[in-house]
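Trainee: My structure is below; once you've seen it, I'll send some questions.
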Amino acid sequence: MGRTSTSSSSDAGFTGLEAAIVLIAFVIVAAIFAYVVLTAGILFSEESQSTVHQGVHEAGSSITLASTVYGVSKTRESIDYILIPIELTAGGEPIDMNTVSIRLIGPSHARIVLQNDPLIDAFPRVGRWSVQERFSADSDTLLEARERYVLNISPDIKTDYKPYKTFVVEIKPAGRAALRVERTVPGSINGITSLT
């Protein structure tokens with residue numbers, strides 16, 4: 001009566017073996033799950049890092065105003081040409097001016113201004129823009145470190161360039177951050193007017 005049967009003792013050993021197998025299976029499944037999660041995390045981290053580097057490249061390789069923006073006018077009614085001196089930001093990479101787009105935004109319109117042909121060292125036709133002057137520059141179309149270009153933009157619609165009107169010029173090199181220049185035409189327009 002006090003003896004245990006041998007069959008129940010062997011069943012107990014078999015249950016211990018089953019528990020060990022189940023435990024090993026759980027460990028293997030947990031290891032596979034951890035591998036999948038870590039791999040996905042590493043891939044996501046690499047994509048995020050790539051996005052951050054691209055954003056830094058865009059923001060760090062743009063242009064800035066080099067000095068005062070001027071409006072040139074044939075009459076006292078509106079600005080006919082907008083002169084914007086630009087240069088690279090500190091540490092910026094060269095910008096090919098052939099890839100730059102310019103957009104004018106005013107109270108009554110927003111439009112892309114086409115490049116003049118020729119683009120460099122030229123006075124633009126109405127509704128076009130050009131690089132009118134280059135300072136400390138070589139003969140290529142790249143805006144490089146220590147070079148200064150004066151953009152001349154000739155709007156084809158003059159209603160947004162009358163006294164007390166505010167307008168925006170967006171200068172965007174391909175694949176880089178845009179320079180946004182917002183100015184207000186003063187109450188009195190002269191032949192050459194400083195735009196603030």
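Trainee: Report whether or not Ile79 is assigned to a loop (DSSP other than H, G, I, E, B) and closer than 19 Å to Phe167 by Cα.
Mentor: Working: assigned to a loop (DSSP other than H, G, I, E, B): yes; closer than 19 Å to Phe167 by Cα: yes.
Answer is yes for this residue.
Trainee: Same structure, new question: For segment 166-196, name all the residues that are touching a helix residue (DSSP H, G or I) at 6+ places or on another chain (Cβ under 8 Å) and of a type in the set (D, E, K, R).
Mentor: Residues of segment 166-196 touching a helix residue (DSSP H, G or I) at 6+ places or on another chain (Cβ under 8 Å): 167, 173-177, 185.
Answer for segment 166-196, where residues must be touching a helix residue (DSSP H, G or I) at 6+ places or on another chain (Cβ under 8 Å) and of a type in the set (D, E, K, R): just Arg176.
Trainee: Restricting the search to segment 163-176, which residues are out of contact with any strand residue (DSSP E or B) (no Cβ under 6 Å at 6 or more places or on another chain) and crowded, with 19+ Cβ neighbours inside 10 Å? Explain how you work it out, then say what you get.
Mentor: Of all residues in segment 163-176, those out of contact with any strand residue (DSSP E or B) (no Cβ under 6 Å at 6 or more places or on another chain) come to 163-165, 167, 174-176.
Correct list: Phe167, Arg176.
Trainee: Could you list, in sequence order, the residues of segment 140-196 that are among the hydroxyl-bearing types (Ser, Thr, Tyr), assigned to a strand (DSSP E or B) and without any contact (Cβ under 8 Å) to a residue 40 or more places away in the chain?
Mentor: Within segment 140-196, Thr184 is the sole residue that qualifies.
Trainee: Quick one: which residue in Asp160, Asp156, Asp121 is more than 14 Å from Val69 (Cα to Cα), touching a Gly at 6+ places or on another chain (Cβ under 6 Å), surrounded by fewer than 14 Cβ atoms within 10 Å (Cβ to Cβ) and modelled with pLDDT under 95?
Mentor: On the way: Asp160 fails: surrounded by fewer than 14 Cβ atoms within 10 Å (Cβ to Cβ); Asp121 fails: touching a Gly at 6+ places or on another chain (Cβ under 6 Å).
Of the residues listed, the single one that is more than 14 Å from Val69 (Cα to Cα), touching a Gly at 6+ places or on another chain (Cβ under 6 Å), surrounded by fewer than 14 Cβ atoms within 10 Å (Cβ to Cβ) and modelled with pLDDT under 95 is Asp156.
Trainee: Going through Glu46, Glu58 one at a time, which residue ends up being of a type in the set (Asp, Glu), in a helix (DSSP H, G or I), exposed (fewer than 11 other Cβ atoms within 10 Å of the Cβ) and at pLDDT below 95?
Mentor: Values: Glu58 fails: exposed (fewer than 11 other Cβ atoms within 10 Å of the Cβ).
Of the residues listed, the single one that is of a type in the set (Asp, Glu), in a helix (DSSP H, G or I), exposed (fewer than 11 other Cβ atoms within 10 Å of the Cβ) and at pLDDT below 95 is Glu46.
The values are calculated or read from the model by the stated rules, or taken from the named source; none is laboratory data. Note that the coordinates shown come from a computational prediction; the quantities given were computed from them, not determined experimentally. No Cβ is skipped: glycine too gets one built from the backbone with ideal geometry, and neighbour counts run over all protein chains shown.
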